[in-house]
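Report on one structure; see the data block that follows.
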Amino acid sequence: MSPHQLQQAVKWIVYLLLLINFGRYIYDDWNRANHVLTESSKFLDWTREFATTIDLMAWFTLLFMFELETYILGDRQWKGWVAYTVRGLRIICIVMIAHTVYAFVVTILQLQPTVPLETNNLCKLDKEVSYVYNLRYEDVGVNNCAELSAGREFYWVGNDPVVSTLEGLELERDLAWADLAEVLIWLAVLFAIEAVVRLQDRGVSGGRLIMTLTRGKIALYGVLIGIGIYWASLSHWLYLWDELVWIAGFSAIEMNLKDWRTELIEEI
């Protein structure tokens, strides 16, 4: 197997791993929605709870379009209706990611109030609630209410029928901020890659701007790994793994861009 063939094989293995991880995030969103959403929940309530699923759908589409533009399609094919279709899809993806930012900001705002539960004994609640700690949800019932309520004070988690300890509520706030920071950093990575693609599409193969964008992306990847390590420190190892695989996925696009730059230099 030649180095190029090996590079392509690794790239498609990374893409497959991302699809596998996607299935786990759909499950996580569905599980949380079962604890949070009620019959009175509105459309935006549903979309906020499935924000990660919607977000990943957008990122997968963007990744595929970058693959098309930087590797699969040649310059002659990248014209007319193909270019307009891909750019239209890209706008839709940006809107979907903007929805994710909106959902995470709303979550942060809803988690700010510190509203104590009416009772310290969950067994005395006259309505169905769930208990959450570190993103792990559990229905409160007769079999576990006494255990959950032993010697603790509980607080409402946002506007949802969910309760936690004060420590658990503060942790939910920290994790919500981590979610928002992560999506904003990935947006910065996206715009940096898009800028390099547009520059190379105009025949620019080097220069200070491309170097700055490349170094900036490396720094942003480092911050994302740091966020992944934070998730892992809370036993969310999947999130660290997912962060690393997504970085590998966009590194594949970086390799496409590097090969493209080489071709541009050879044509000079």
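The values are calculated or read from the model by the stated rules, or taken from the named source; none is laboratory data. Source: prediction; values computed, not measured. So basically every Cβ, Gly included, is an ideal-geometry build from the backbone, and we count neighbours across all protein chains shown. Ligands, DNA and RNA are excluded from the accessible area calculation, which covers all protein heavy atoms including side chains. Shrake-Rupley method; radii C 1.70, N 1.55, O 1.52, S 1.80 Å.
Looking at the range 124-131, can you tell me whether even one residue there is closer than 14 Å to residue 32 by Cβ, within 20 Å of the chain's Cα centre (by Cα) and in contact (Cβ under 8 Å) with a residue 60 or more places away in the chain? The answer is no; no qualifying residue exists.
Looking at this structure, is residue 240 modelled with pLDDT of 90 or more and over 28 Å from residue 202 (Cβ atoms)? So residue 240 fits the description; yes. Among residues of the range 37-50 that are assigned to a helix (DSSP H, G or I), those with a Cβ under 9 angstrom from a residue that is of a type in the set (Lys, Arg), sequence gap 6+ or separate chain, pair up as 49/32. Every condition in (1) over 18 Å from the mean Cα position of the chain (by Cα); (2) aliphatic (A, V, I, L, M); (3) surrounded by 15 or more Cβ atoms within 10 Å (Cβ to Cβ) is met by residue 176 except one, and the failing one is (1). Here the strands (runs of 3 or more DSSP E) wholly within the range 90-174 that include at least 1 residues being β-branched (Val, Ile, Thr) are 130-133, 162-164. Residue by residue through the range 30-47, note down the ones that are open to solvent by 40 Å² or more (accessible area, probe 1.4 Å) and in contact with a helix residue (DSSP H, G or I) (Cβ under 7 Å, 6 or more places away or on another chain). Once the filter is applied, which keeps residues that are open to solvent by 40 Å² or more (accessible area, probe 1.4 Å) and in contact with a helix residue (DSSP H, G or I) (Cβ under 7 Å, 6 or more places away or on another chain), the range 30-47 yields only 32. The criterion of being under 27 Å from residue 199 (Cβ atoms) and at pLDDT below 85 holds for residue 252.
The listed residues are 190, 148, and the only one of them that is buried (at least 17 other Cβ atoms within 10 Å of the Cβ), farther than 22 Å from residue 232 by Cβ, among the hydrophobic types (A, V, I, L, M, F, W, C) and within 25 Å of the chain's Cα centre (by Cα) turns out to be 190.
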